[in-house]
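Written out below as structure tokens is the structure these notes cover.
Every read-out reported here was derived from the displayed coordinates using simple, explicitly stated rules and does not represent laboratory data. Bear in mind that the values here come from a model prediction, so they are computed numbers and not experimental data. FYI the Cβ positions are ideal-geometry reconstructions off the backbone, even for glycines, and counts take in every protein chain you see.
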Amino acid sequence: MKFIESSFVKKMCEVTYESYLRYWDERNGGNVSCRLSAEELVGYEDISEVRSSHELGFKASNLAGQYYLVTGTGRYFRNVTKQPLLDLGLVRISNDGLSYDVVWGFEDGGRPTSEFPSHLMSHIERLKINPAHRVIFHCHPTNLIALTFTQDLDERHLSRLLWKMQAESLVVFPEGVGLIPYMTPGTTEIGEATARKMGDFSAVVWPHHGLFASGNSLDETYGLIEVIEKAAMIYSQIGAQGGRIKQDISDNQLRELAARFKVTPRKDFL
């Protein structure tokens, strides 16, 4: 069986196109990586040959030997479903963690997203606290980005605002959302800053830019982004209706939600 027929490639095509349709990944904005095990790749006849090898730019020894299905640099999410062999690649991290081999995809010589080092740094941190972790998804949710222009750039404030917009928020991201200062994307520095936050949060906001989200599957991670952006959208609609909030979900009601759904909200945020 060829890897292009796998459920992993099909799901990657599905979520990238959905994200494009929601205007979260305009032009070549956005990138995704999904960790796969060697066992999951057994039987695919077209991933045994190393097509090219490249330096990572940092040492990812914690991920040595792991495989990642990743979107390509400069590629458009709207095209992935039509040309996955060009816009997606499967890479293996070298045994010393300093480089990676392309073993499938990127057939026109492409490479992983320029944010790939940032992805790998976040994968390392999430795996420390969640061995089932698989996915990093970066996108540009419109209403969430808008909040970073109008709200205080404070994790507690932003998390509470999103929690109080709908009951689902606290249940889906009880730890709240992390936040880093505005930084130039595609750099080692932004990757390191995001990874530090990923030790405490499954989603990290890049002010005036977008969101880095993590999860155990593509569906779960995409669902986390949906819930965060839906909460931000509700707040935007409140503004469109005059901006005056007459009632919201109280802290006690948030605690009741947490107890009902057996999640533990970040204590210093309530």
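Tabulated data for the structure shown
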read-out: Calculated FRET value between ARG260 and HIS157, using beta carbons and R₀ = 30 Å, to 0.05; value: 0.75
read-out: Net lengthening on full extension, ASP248/MET1 (0.36 nm per residue, minus Cα-Cα); value: 83.6 nm
read-out: Inter-label distance, nm, simple model (7 Å from Cα along the C-beta direction), ARG51/HIS208; value: 3.7
read-out: Most fluctuating residue given options ARG156, ARG244, ARG78, as computed from a GNM of the chain linking Cα atoms under 10 Å; value: ARG244
read-out: Gyration tensor verdict on the range 116-270 (Cα atoms; rounded if a/c is under 1.5, prolate if a/b is larger than b/c, oblate otherwise); value: oblate
read-out: Computed lengthening from ILE234 to VAL42, 0.36 nm per intervening residue step minus Cα-Cα distance; value: 64.6 nm
read-out: Under Karplus coefficients 6.51, -1.76 and 1.60, residue-wise ³J(HN,Hα) of the range 213-225 in Hz, glycine/proline x; value: 10, 9, x, 7, 7, 5, 4, 5, 5, 5, x, 4, 5
read-out: Paramagnetic reach from ASP219 in the range 11-25 [backbone N under 19 Å; point 7 Å along Cα→Cβ]; value: 11-19
read-out: Interchain or long-range residues, amide H under 5 Å from GLY105's placed H; value: LEU90
read-out: Taking N as its residue count, the alpha carbon Rg of the range 1-70 over 2.2 N^0.38 Å; value: 1.31
read-out: Cα centroid separation - the range 221-260 against the range 64-120, whole Å; value: 35
read-out: Placed amide H near ASN28: partners under 5 Å, 5+ positions off or other chain; value: none
read-out: Amide proton proximity set for LEU36, modelled H, under 5 Å, gap of 5+; value: TYR67, TYR68, LEU69
read-out: Residue-count net charge about LYS230 - beta-carbon cut-off 12 Å; Lys, Arg +1, Asp, Glu -1; value: -2
read-out: Hypothetical label at GLN83: residues of the range 104-128 whose amide nitrogen lies under 12 Å (7 Å Cα-Cβ projection); value: 106-110
read-out: Efficiency of FRET between GLU189 and LEU21 - r from beta-carbon atoms, R0 41 angstrom, step 0.05; value: 0.80
read-out: Point-charge dipole on Cβ atoms (K/R +1, D/E -1) for the range 1-114, about Cα centre, debye to 20; value: 340
read-out: Size of electric dipole in the range 116-270: Cβ of Lys, Arg +1 and of Asp, Glu -1, about Cα centre, debye, nearest 20; value: 320
read-out: Charge dipole of the chain about the Cα centre (unit charges at C-beta), most positive-ward option of PHE201, LEU41, GLY186; value: PHE201
read-out: Protection proxy ranking of 184-195, 20-31 - average other beta-carbon atoms within 10 Å, highest first; value: 20-31, 184-195
read-out: Shape parameters for the range 70-182, alpha-carbon atoms, Rg then Dmax in Å; value: 17.4, 47
read-out: HN-Hα J in Hz across the range 252-259 - Karplus 6.51, -1.76, 1.60, θ = phi - 60°, x for Gly and Pro; value: 5, 5, 5, 5, 5, 4, 4, 5
read-out: Cβ charges +1 (Lys, Arg) and -1 (Asp, Glu), total dipole of the chain, debye; value: 700
read-out: Calculated over the chain: convex hull of Cα atoms, volume per residue (Å³); value: 123
read-out: Integer Hz, Karplus 6.51/-1.76/1.60 couplings in order for the range 113-126, x for Gly and Pro; value: 2, 5, 8, 4, x, 4, 4, 5, 4, 6, 4, 4, 5, 5
